[in-house]
Amino acid sequence: MEAKVYTIDRFEKDLAVLLLRTDETVQVDVPRNQLPDRIEVGSILEVEFTGDGSVLSANVLEDETSTAKNNAQELLNKLANKN
């Protein structure tokens, strides 16, 4: 299977809820222990699954994560300064 890019939306107990970057209506729940240790909400991952849905590989995309977090912070700052 090909690797796809996901954002960690939230954690629910021992699961990480991933949203597909190209279509955030697509949600995948993955056991947190199948993902890298240093993940947090908002982390962007490249994930490849096996045929049975287990994680074959998962890599944090550091540059994309940093850019997305900076963009979100800039938007929050603009909204806060509108008043």
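The count of lysine pairs in the chain that are at least 8 places apart or cross chains, and whose C-alpha atoms lie under 26 Å apart, stands at 5.
Legend: translational diffusion of the range 14-54 by Stokes-Einstein, Rh = Kirkwood radius over C-alpha pairs, 20 °C, 1.002 mPa s; D = 195 µm²/s.
With semi-axes defined as the square roots of five times the eigenvalues of the C-alpha gyration tensor, the equivalent ellipsoid of the chain measures 26, 13, 12 Å, largest first.
Evaluating kT/(6 pi eta Rh) at 37 °C and 0.692 mPa s, with the Kirkwood radius of the range 35-83 over Cα pairs in the Stokes-Einstein relation, gives 259 µm² s⁻¹. The length gained by stretching the chain between V5 and E64 to full extension, at 0.36 nm per residue less their Cα-Cα distance, is 20.2 nm. Taking 0.36 nm per residue of separation and subtracting the current Cα-Cα distance, fully stretching the chain between K78 and R32 would add 13.2 nm.
Note on T50 and E12: their simple-model spin labels are 2.4 nm apart, each label 7 Å out from Cα toward Cβ.
Coordinate-derived values only; no laboratory data. Please read these numbers as outputs of a predicted model, since none were measured by experiment. Cβ coordinates were reconstructed from backbone atoms using ideal geometry, including for glycine residues, and neighbour counts include every protein chain displayed.
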